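Participant: One structure coming up, written as structure tokens, with questions to follow.
The values are calculated or read from the model by the stated rules, or taken from the named source; none is laboratory data. Remember, predicted model here, so these are calculated numbers, not experimental data. Note that we place each Cβ from the backbone using ideal geometry, even for glycine, and neighbour counts take in every protein chain shown.
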Amino acid sequence: MDEETTVYDELGVPRVVNAAGTKTRIGGSLIRPEAVEAMSRAAESFVRLSDLQVRAGELVSEVTGAEAGYVGSGAAACMTLAAAAAIAGDDLGAMSRLPDTEGVPSEIVMPRTHRNGYDHAFRAAGATIVDVGNNDNYLGTGSNGTEPWELAEAITEETAAVGYMEKAFSAPSLETVVDVAHDHDVLVIVDAAAEVPPRENLSAFVEAGADMVVFSGGKAIRGPQTTGILAGKREYVRSAALQHLDMHVAESVWDPPSELFDKESLAGVPRQGIGRTLKVGKEELVGLIAALEAFVEEDQAALDAEWERRLDVVADELADCEGLSLRREPGGKLMVAPELRVEVHADAAGVDAVELVGSLRKEDPRIFVGSDELQDDLFAVNPMCLDDEEAAYVAERIRSYL
């Protein structure tokens with residue numbers, strides 16, 4: 001593999017060969033060259049961030065079909081902003097008190113099977129998660145994890161929103177959840193952080209009736225890893241902006257963009273909101289705009305073929321290895337890209353999956369493969385963040401341990 005010196009080598013930090021996919025803990029994805037160039041140019045001068053948010057929001061609205069859009073410092077940040085908007089609305093007093101929600105509806109109802117570590121972002125805004133349903137569908141009984149009536153029963157005067165995690169296995173359907181929530185005058189927030197490609201998903205959840213949808217600006221979009229996209233109804237994006245922008249301003253000369261909110265409709269300048277910790281710089285905003293424009297023009301079929309070709313390289317190298325069983329999984333379900341699933345038979349391989357994956361991570365450069373199923377002696381090779389040379393190198397290093 002090419003031994004070209006990287007900035008991480010200069011810093012004395014081992015770099016990573018990423019065969020795991022767009023994982024935040026190893027840097028997410030590689031920013032598109034056009035986004036890097038735009039970020040560099042953005043660093044050369046100043047801009048009012050609210051004006052730049054308007055331009056970013058116009059693009060988000062255009063590609064998602066939502067009424068409005070906004071950019072936060074990652075998908076989790078946008079989930080916090082969405083929860084804050086659902087709880088506080090246009091109430092400046094409620095905004096200033098978050099995450100204290102005394103006297104304000106602040107419950108977010110979620111199907112139990114949608115609960116995950118990332119819903120901490122909702123709780124960071126002061127929300128209380130109310131989960132409903134059970135996990136009986138995993139028992140093979142044929143029953144549903146959550147019935148629509150359970151969602152309806154959980155919605156009370158204390159409910160601010162219904163939360164929905166979008167995955168291929170998510171149930172009930174988003175359309176069903178939207179119908180239940182809207183019948184009770186409650187909004188729906190969708191966590192779709194990793195659900196593009198396909199490109200059509202940018203608009204699919206808005207079309208299904210979601211009030212706010214969150215996407216990562218990194219991952220497959222390949223903008224700055226510290227960006228997230230919030231698309232949704234104008235009133236909620238307005239609230240998010242009021243709780244996110246720098247509000248240390250003199251009211252007498254405060255002239256915010258009317259595209260974000262109407263100054264005359266407010267009682268005054270809001271206090272710094274809970275979203276202030278989630279700020280986005282001018283460089284990230286410009287980089288996200290450039291990356292999103294490139295993403296919607298990308299030839300997905302060509303990219304799919306490229307991913308498949310890289311998996312061919314790995315599969316061909318490992319095909320005759322004793323102690324390994326290989327299985328190709330198509331993209332479009334849990335992972336947007338195809339994957340090579342590798343089962344390790346320890347007796348024949350001379351090493352088990354945990355030892356193999358752990359050893360790869362200790363190398364220099366470190367090699368990360370997908371490790372979600374180590375308990376079943378499985379690991380995965382994901383081609384999204386590999387180049388051709390790295391794909392061959394990963395296969396060679398896996399083979400060396402057998």
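Participant: In this structure, is residue 121 modelled with pLDDT under 95 and among the hydrophobic types (A, V, I, L, M, F, W, C)? Steps first, answer last, please.
Facilitator: On the way: modelled with pLDDT under 95: no; among the hydrophobic types (A, V, I, L, M, F, W, C): yes.
The answer is no for residue 121.
Participant: Could you grab me the full set of residues in the range 254-274 that are part of a helix (DSSP H, G or I) and at pLDDT 95 or above?
Facilitator: Here is the first cut: in the range 254-274, the residues part of a helix (DSSP H, G or I) are 263-265, 274.
Passing the criteria: only 274.
Participant: Still on this model: Kindly list the number of the only condition in (1) in a loop (DSSP other than H, G, I, E, B); (2) of a type in the set (D, E, K, R); (3) over 23 Å from residue 34 (Cα atoms) that fails for residue 153.
Facilitator: (1)
Participant: Continuing with the same structure: Are there any pairs with C-beta distances below 7 angstrom linking a residue in the range 154-181 that is assigned by TED's automatic domain parsing to the domain that holds residue 236 to a residue that is surrounded by fewer than 16 Cβ atoms within 10 Å (Cβ to Cβ) and among the basic types (Lys, Arg), with the two at least 6 apart or on different chains, and if so which?
Facilitator: Partner pairs satisfying both residue conditions: 168/333.
Here is a yes/no grid of residues against (1) in contact with a strand residue (DSSP E or B) (Cβ under 9 Å, 6 or more places away or on another chain); (2) over 20 Å from residue 88 (Cβ atoms):
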residue: 111; (1), (2): yes, yes
residue: 115; (1), (2): yes, yes
residue: 119; (1), (2): yes, no
residue: 135; (1), (2): no, yes
residue: 163; (1), (2): yes, no
residue: 172; (1), (2): yes, yes
residue: 179; (1), (2): no, yes
residue: 200; (1), (2): no, yes
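Participant: Looking at 154, 168, 161, 193, which is the one that is touching a Lys or Arg at 6+ places or on another chain (Cβ under 6 Å) and either within 28 Å of residue 21 (Cα to Cα) or small (Gly, Ala, Ser) (or both)? Spell out how you get there, then give the answer.
Facilitator: Numbers: 154 fails: touching a Lys or Arg at 6+ places or on another chain (Cβ under 6 Å); 161 fails: touching a Lys or Arg at 6+ places or on another chain (Cβ under 6 Å); 193 fails: touching a Lys or Arg at 6+ places or on another chain (Cβ under 6 Å).
The match here is 168.
Participant: If residue 338 passes every condition in (1) within 20 Å of the chain's Cα centre (by Cα); (2) surrounded by fewer than 18 Cβ atoms within 10 Å (Cβ to Cβ) but one, which one does it miss?
Facilitator: For residue 338, the exception is condition (2).
Participant: I would also like to ask the following. Can you tell me how many residues within the range 124-145 are among the charged types (D, E, K, R) and surrounded by fewer than 16 Cβ atoms within 10 Å (Cβ to Cβ)?
Facilitator: So in the range 124-145, the residues among the charged types (D, E, K, R) come out as 131, 136.
The next check asks that each one be surrounded by fewer than 16 Cβ atoms within 10 Å (Cβ to Cβ); those that pass are 136.
Qualifying residue count, the range 124-145: 1.
Participant: Report whether or not residue 10 is out of contact with any Asp or Glu (no Cβ under 8 Å at 6 or more places or on another chain), assigned to a helix (DSSP H, G or I), of a type in the set (Asp, Glu) and exposed (fewer than 11 other Cβ atoms within 10 Å of the Cβ). Write out each step before concluding.
Facilitator: Working: out of contact with any Asp or Glu (no Cβ under 8 Å at 6 or more places or on another chain): yes; assigned to a helix (DSSP H, G or I): yes; of a type in the set (Asp, Glu): yes; exposed (fewer than 11 other Cβ atoms within 10 Å of the Cβ): yes.
So residue 10 passes the test.
Participant: So residue 328 ticks every box in (1) at pLDDT below 95; (2) surrounded by fewer than 15 Cβ atoms within 10 Å (Cβ to Cβ); (3) touching a helix residue (DSSP H, G or I) at 6+ places or on another chain (Cβ under 9 Å) but one. Which box is left unticked?
Facilitator: (1)
Participant: I'm trying to understand the selection: among the residues of the range 60-97, which are surrounded by fewer than 23 Cβ atoms within 10 Å (Cβ to Cβ) and not in a helix (DSSP H, G or I)?
Facilitator: 65, 67, 89, 90, 91
Participant: Answer with yes or no whether residue 278 is under 30 Å from residue 238 (Cα atoms), surrounded by 15 or more Cβ atoms within 10 Å (Cβ to Cβ) and not basic (Lys, Arg).
Facilitator: In short, yes.
Participant: Among the residues of the range 353-372, what is the count of those that are farther than 21 Å from residue 310 by Cβ, among the charged types (D, E, K, R) and touching a helix residue (DSSP H, G or I) at 6+ places or on another chain (Cβ under 9 Å)? Quick ask: steps written out before the conclusion?
Facilitator: The initial filter retains those residues of the range 353-372 that are farther than 21 Å from residue 310 by Cβ, namely 353-355, 358-359, 362, 364.
Checking the rest, the ones that are also among the charged types (D, E, K, R) come to 355, 362, 364.
Restricting the remaining residues to those that are touching a helix residue (DSSP H, G or I) at 6+ places or on another chain (Cβ under 9 Å) gives 355.
Summing the residues that are farther than 21 Å from residue 310 by Cβ, among the charged types (D, E, K, R) and touching a helix residue (DSSP H, G or I) at 6+ places or on another chain (Cβ under 9 Å) in the range 353-372 gives 1.
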